[in-house]
Each structure stands twice: as structure tokens, then as C-alpha cells.
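One structure is given below, encoded as C-alpha cells.
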Amino acid sequence: MENKTSYNPSIPYNSLPLLPPQKDIESITILKKTITASRALSELKGAITNLPNPILFIDTINLQEARASSAIENIITTQDELFKASIAEKKNDNPATKEVMHYKDALWYGMEEIRRRPMLTTNLFIAIMRIIKKNNSGIRNAPGTQLKNPVTNKVIYTPPEGENIIREKVKITPS
């Protein structure tokens, strides 16, 4: 594993660890947090079943996740724009809002696919990415992708580079 002091956000992080994490994830701290999370999810599940339209509540959570995840890539939109876009039948002209809505659609697609076939696969990741980007591209093979601070233009992260390396990183290995 790479030493944090040697990490350079401007260089492709090709030594990104493989999935699942090889660390011992069954520590006492993690197991205690798992119990707490399990209880909270059980309470939420109970509360949701009492709602007249549980899907609306879940869709709101997905919308917030899509917005937060898109913000990491400097795709910024407002809550109002998202809620208007989710209930309006008309086309939305804001590119950031459109992409966040695509992200939300991709989350729903991924959840349904995992419910149908509980496996994470490279093909599923590609299908999800295609929904977000609204194109038919596959694994990124062009160099130069970086996440930058939109104000300072400082590079925050450079993902792994090269189709073979990316395929290796998204492949789930048995633990």
C-alpha cells in the first residue's frame, strides 16, 4: 500500500488498492458501528412503510446522494433546480441539473440491478456510467482525467489511468 506522504494528486493513482479492502474490516469499532447502522436502518424501514408513497422518500435520498457525488466533480446545482426537474415534465436546460438527474437515474438502475442479480460487475459499472453520461462509451482509455478545485484549479485527485489498469481496479476480487 502506498505511503500517504508519497501520494501526489497530480499523478494517476495507479496503485489504488483493489476491491474489496484487504484490511481486517471486522474490528470491534467497525462491528459496533455496523450494529448502530443496522438499528437505524431498521427504524427507517419501519417508518418508510407508514408513508403513503415510500418511493418518493427514497427518491429524495437518491437525489441528495446524486447532488453530493456530482459536487465532487464540480457539477453544482441547487436543491430547488433538482426538485423542479424531478417533478416537472418539461426539459431542464441547466447542464449540471441534467447530469445530477442522470446520476439519480443511474442510482435507481444500479439498485434494481443489484436487487435482481446481487453482484457488482464491470458491465454493471459501465451501464451505470452510460446512464450518467448519456453515451455509449466504455472504460475510460484517454489520459488526462483529473478532479480540480474550480476556484484555484488545484488538482485534488488523478484517478488511475489506462483501460487495463481501470478494469483491474473495478474488478471485485474474492476476499
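The values are calculated or read from the model by the stated rules, or taken from the named source; none is laboratory data. The shown structure was predicted, so the numbers you read here are calculated from the model rather than taken from an experiment. Methodologically, a virtual Cβ is constructed for each residue, glycine included, from the backbone with ideal geometry; neighbour enumeration extends over all protein chains shown. Just the protein is used for accessible areas: all its heavy atoms, side chains included, with ligands, DNA and RNA removed. Shrake-Rupley method; radii C 1.70, N 1.55, O 1.52, S 1.80 Å.
Ordering PRO21, LEU63, ILE11 by Cα displacement along the dipole of the chain toward the positive end leaves PRO21 in first place; charges were set at the Cβ atoms of Lys, Arg (+1) and Asp, Glu (-1).
Counting only protein heavy atoms and a 1.4 Å probe, tell me what percentage of the chain's accessible area is made up of carbon and sulfur.
Working: 7500 of 12700 Å².
Answer for the chain: carbon and sulfur cover 59 percent of the accessible area.
Only protein heavy atoms count here; under a 1.4 Å probe, TYR109 has an accessible surface of about 80 Å². Pairs LYS45/LYS134; LYS98/LYS169; LYS45/LYS169; LYS84/LYS133; LYS98/LYS171: which exceed 23 Å Cα-Cα? Pairs exceeding the cut-off: LYS45/LYS134; LYS98/LYS169; LYS45/LYS169; LYS98/LYS171.
Given the rule -39500 (n - 2.57) for each run of at least 4 DSSP H residues, summed and divided by the residues of the chain, what is its mean residue ellipticity at 222 nm, to the nearest 500 deg cm²/dmol? Only helices count here, giving -17500 deg cm²/dmol. Counted as membrane-span-like here are DSSP H helices of the chain whose alpha-carbon atoms extend 20 Å or more along the helix's own axis and whose Kyte-Doolittle mean is -0.5 or above; these are 28-49, 54-72. Full extension of the chain between LEU147 and LEU56 gives 29.6 nm of extra length, using 0.36 nm per residue less the Cα-Cα distance.
Quick one: compute the contact order of segment 60-157, relative version, from alpha carbon pairs under 8 angstrom and 6+ residues apart, as a percent.
Values: 83 pairs, mean separation 25.0, N = 98.
Over segment 60-157, the number comes to 26 percent.
Just so you know, the Cα atoms of segment 6-123 work out to an Rg and Dmax of 18.2, 53 Å.
Binning the alpha carbon pair distances of segment 19-70 at 5 angstrom intervals from zero yields the distribution 4, 16, 13, 16, 19, 18, 10, 4, 0, expressed in whole percent. The charge dipole of segment 57-169, taken about its Cα centre with unit charges on the Cβ of Lys, Arg, Asp and Glu (plus for the first two, minus for the last two), comes to roughly 180 debye.
Normalised by the number of residues in the chain, the average gap of Cα pairs under 8 Å and 6 or more apart makes the relative contact order 34 percent. Only protein heavy atoms count here; under a 1.4 Å probe, ILE172 has an accessible surface of about 70 Å². Computed with every protein chain present, the accessible area of SER10 is close to 60 Å² [probe 1.4 Å].
Take the Cα of LYS33, go 7 Å toward its beta carbon, and the backbone nitrogen atoms of segment 52-80 under 19 Å from that spot belong to 69.
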